[in-house]
Amino acid sequence: MTAASEALAANQEPFRLSMLLYDKRYRSYFLQVVTLIIFMLVVAWLVDNVISNLAALGKEFSFRFLWDPASYDINQRLIEYNSRSPHWRAALVGILNTLLIAFLGCILATILGVMIGIARLSKNWLVSKLMTVYIEAMRNVPVLLWILLASTIFSSALPSPRQAPTLLGGALVPTNRGFYIPSPTWGDGSVALAVVFVLSIIAMFVFRKWAKTKQAATGQILPVFWITLGILIIPTLLAFFILGRPVGLEFPELKGFNFSGGLYIRSSFMALWLALSLYTAAFIAENVRAGIQAISNGQSEAAYSLGLPPTRTMNLVILPQALRIIIPPLISQYLNLTKNSSLAIAVGYMDVTGTLGGITLNQTGKEMECLLLLMAFYLIVSLLISGVMNVYTTQYR
């Protein structure tokens, strides 16, 4: 009997329960189903046990507390909020504060990490050793200590508002209470100006993609940086004057013992942002260095033999290949920075851990509910960051 005949005979064999364990056609599916059922039963038992224990303590497992008045103030907020706002809005303020510090931190850490990683490979002995000292110092000291150190420097080294200097023509005022910068004022036509700016950004990316395609097809290298910079600035600048300057700036002014007007950036925010960025940049720098060193020296030597200068060799030959190695561990650094932002409460910056996982938890006594919401938020943000970066990674495979 041939193998095909044996397979046909096996398929015609009547089903028996023992086949779930001994027939390879059913065994893998059966074991997966059993494992899933056991897992769901364990989770259900844990949830029921938690609810029963909370009920024994006189606590009800419920999220209705989110609609009760929060009854506390938040010093750093991006949306309208007051002490009579519900707890869910206080949690939303904390979420936005967390996302703000994570977004700005990832941007600054990436810029610094790439620069430091390349500088560590410099042939200049002094530059290379200084970057090595920086990386080893930042990576081997807990990030909480760097956050506290930055906060102490801002509060102790900077002058009081009445003694603070006005830098950049009044555009920056550093004080021990925080930093003051001009705030935008929106007039008629500002929406149209914003639309032009968004369209300029879209056109900039479209041109960069077209230039890359043209270079791959013809070998012609266009001055992409200067052209994209012109696409970004010139249309917006022309629209700004044509619409009658709809956007202005309000500068901070000293009135009494403090500044008024402008945009106030708290020292806690600056300390947390810089400390997290500098700390994470040290790890990103090592990822960049490892990615560059993983590329064969023959690649750079071939580029030099074609007449490419070192800068273009790095931008066009080395870095594009190194990105395949750099990006996967870079995702982990973004996730670490986002999760490390939960240390914000140490310097008084009210992120989601300080609001939902701090004051709201203590006021309502809903420990389980608050912690579950907090864990769900960090899980969702981490999965979103991983998903976006994984999509970006596929471009370099």
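Applying the criterion of being in a loop (DSSP other than H, G, I, E, B) and touching a strand residue (DSSP E or B) at 6+ places or on another chain (Cβ under 7 Å) to the residues of the range 54-72, the residue that is most open to solvent (accessible area, probe 1.4 Å) is 68. Considering only the range 73-81, I want to know if a residue exists there that is of a type in the set (D, E, K, R), surrounded by fewer than 17 Cβ atoms within 10 Å (Cβ to Cβ), within 22 Å of residue 357 (Cα to Cα) and touching a residue at least 12 places away in the same chain (Cβ under 8 Å). The answer is no; no qualifying residue exists. Considered as a group, the residues in the range 348-397 that are more than 14 Å from the chain's Cα centre (by Cα), under 15 Å from residue 100 (Cα atoms) and among the aliphatic types (A, V, I, L, M) include one that is surrounded by the most Cβ atoms within 10 Å (Cβ to Cβ), and that residue is 352.
All conditions in (1) surrounded by fewer than 17 Cβ atoms within 10 Å (Cβ to Cβ); (2) touching a helix residue (DSSP H, G or I) at 6+ places or on another chain (Cβ under 7 Å); (3) not in a helix (DSSP H, G or I) hold for residue 141, with the sole exception of (2).
Identify all residues within the range 305-331 that are modelled with pLDDT of 80 or more and hydroxyl-bearing (Ser, Thr, Tyr); write none if there are none. Result: 305, 313.
Between 89, 25, the distinction of being open to solvent by 70 Å² or more (accessible area, probe 1.4 Å), free of Cβ contacts under 8 Å to residues at least 40 places away in the same chain, part of a helix (DSSP H, G or I) and of a type in the set (Lys, Arg) belongs to 25 only. Taking the criterion of being open to solvent by less than 50 Å² (accessible area, probe 1.4 Å), of a type outside the set (A, V, I, L, M), at negative phi and in a helix (DSSP H, G or I), would at least one residue in the range 144-154 satisfy it? Taking every residue of the range 144-154 in turn, at least one turns out to be open to solvent by less than 50 Å² (accessible area, probe 1.4 Å), of a type outside the set (A, V, I, L, M), at negative phi and in a helix (DSSP H, G or I).
Of the strands (runs of 3 or more DSSP E) contained entirely in the range 222-313, those carrying at least 1 residues that are at negative phi, exposed (fewer than 15 other Cβ atoms within 10 Å of the Cβ) and among the hydroxyl-bearing types (Ser, Thr, Tyr) fall at 258-260. Here 40, 1 are screened, and the one residue that is modelled with pLDDT of 85 or more, out of contact with any strand residue (DSSP E or B) (no Cβ under 9 Å at 6 or more places or on another chain) and either among the aromatic types (Phe, Trp, Tyr) or over 30 Å from residue 336 (Cβ atoms) (or both) is 40. Restricting 359, 385 to those that are farther than 28 Å from residue 328 by Cα, in a helix (DSSP H, G or I), out of contact with any Gly (no Cβ under 7 Å at 6 or more places or on another chain) and modelled with pLDDT of 85 or more reduces the list to 359. With respect to the conditions (1) buried (at least 18 other Cβ atoms within 10 Å of the Cβ); (2) more than 30 Å from residue 364 (Cα to Cα); (3) polar (S, T, N, Q), residue 166 falls short on a single one, namely (1). Within the range 139-155, residues that are modelled with pLDDT of 95 or more reach no partner that is open to solvent by 50 Å² or more (accessible area, probe 1.4 Å) and not polar (S, T, N, Q) with beta carbons closer than 8 Å at six or more positions or on different chains.
The values are calculated or read from the model by the stated rules, or taken from the named source; none is laboratory data. Treat the numbers as computed from the prediction; the structure is a model and nothing was measured. Neighbour counts run over all protein chains shown; Cβ positions are idealised from the backbone, glycine included. With ligands, DNA and RNA removed, areas are computed over all heavy atoms of the protein, side chains included. Shrake-Rupley method; radii C 1.70, N 1.55, O 1.52, S 1.80 Å.
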